[in-house]
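Notes follow the structure.
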Amino acid sequence: MDTGESLRDYAYRSVRARILSAALKPGERLVERDLAAELGVSRIPLREALRMLASEGLVVLVPGKGALVAPFGPQDVTDLFDVREVLESLAARLAAERATETTLKPLSDSLLEARAATQADDPQRIAAANAAFHAEVVALAGNPLLAAIMTPLAARVEWLFRLTASRDPHEQCAEHEAIYQLIASGNGAAAAAAAFAHTASGRGESVALASEWTSEAVDPEAVARTRRRRTTAAEPRG
């Protein structure tokens, strides 16, 4: 735990990392007492953390029954692509229209990190860097309403990138390079088309992979009612 970090933020960061790394799998029940003991915190900051994760779409809270990692099956992935294809192409067009040498730097920096992560062949770092690149395109677009719509999707986009780490990272990085160059050149129409094609290119493989990591038929209430526990020896604090 970082010095000065609240127990809630520590629990949020820890559980989020476990979900994104698939240590906690889509549709898996989150047993509060076990998680609290594993993290060494009480249930109060853990519950606050779970509410934060629910707002990002990573956790489902079932009133009076408990919580589970959000199901993320083929239909969920399809829904995410339906939204991303439209909004990410819009973000790329707006970013190209508003890009300047100064405002391009954060996007350029994120691209450099994506290149380094790809060269290092580090799947978790690649996923985080690719998600950051997409987030920077949205930020550069300079549209607060678009950012407000896209922000809740950011965690699910990174989750998707991590769960589909088997996709060719060099191809994804090359496509990001192309999108960056079009944004930097100010060609909004071409940047939008490239962003749409880039997003859409991952749809088929991602939907297919989704059937491997979760079931489409997860019933949150049924999962939350289960009483499976994890073994732990830690004592809670906070």
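The values are calculated or read from the model by the stated rules, or taken from the named source; none is laboratory data. The shown structure was predicted, so the numbers you read here are calculated from the model rather than taken from an experiment. Using ideal geometry, Cβ is built from the backbone for each residue, glycine included, and neighbour counts are taken over all protein chains shown. When the accessible area is computed, the model is the full protein with side chains, heavy atoms only, and any ligands, DNA or RNA have been set aside. Shrake-Rupley method; radii C 1.70, N 1.55, O 1.52, S 1.80 Å.
Need at least 1 residues that are within 30 Å of residue 64 (Cβ to Cβ), modelled with pLDDT under 90 and not small (Gly, Ala, Ser) per element, so show me which helices (runs of 4 or more DSSP H) inside the stretch 171-238 make the cut, counting only ones lying wholly within it.
Numbers: elements: 188-201, 203-213, 220-225.
Output list reads 203-213, 220-225.
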* Do we have any residue at all in the stretch 72-92 that's among the basic types (Lys, Arg) and open to solvent by 30 Å² or more (accessible area, probe 1.4 Å)? -> no
* Asked: Restricting the stretch 132-154 to residues that are small (Gly, Ala, Ser) and at pLDDT 90 or above, which is least open to solvent (accessible area, probe 1.4 Å)?
  -> 141
* Asked: Just checking, which of 192, 127, 178 is more than 23 Å from residue 53 (Cβ to Cβ), touching a helix residue (DSSP H, G or I) at 6+ places or on another chain (Cβ under 8 Å), surrounded by 21 or more Cβ atoms within 10 Å (Cβ to Cβ) and not aromatic (Phe, Trp, Tyr)?
  -> 192
* Structure fact -> Checked pairs for the stretch 18-30, first assigned to a strand (DSSP E or B), second of a type in the set (D, E, K, R) and open to solvent by 10 Å² or more (accessible area, probe 1.4 Å), C-beta under 7 Å and 6 or more apart or across chains, list as 29/228
* Asked: Just wondering, is there one or more residues in the stretch 197-204 that are touching a helix residue (DSSP H, G or I) at 6+ places or on another chain (Cβ under 7 Å), under 19 Å from residue 82 (Cβ atoms) and open to solvent by 30 Å² or more (accessible area, probe 1.4 Å)?
  -> yes
* Does the stretch 109-124 hold any residues that are surrounded by fewer than 21 Cβ atoms within 10 Å (Cβ to Cβ) and free of Cβ contacts under 8 Å to residues at least 40 places away in the same chain, and which are they? -> 109, 112, 113, 116, 119, 120, 122
* Structure fact -> Going through the stretch 40-49 in order, the residues found to be touching a helix residue (DSSP H, G or I) at 6+ places or on another chain (Cβ under 7 Å) and open to solvent by less than 10 Å² (accessible area, probe 1.4 Å) are 41, 46, 49
* **Subset of the stretch 8-29 [open to solvent by less than 50 Å² (accessible area, probe 1.4 Å), within 14 Å of the chain's Cα centre (by Cα) and among the small types (Gly, Ala, Ser)]** => 22
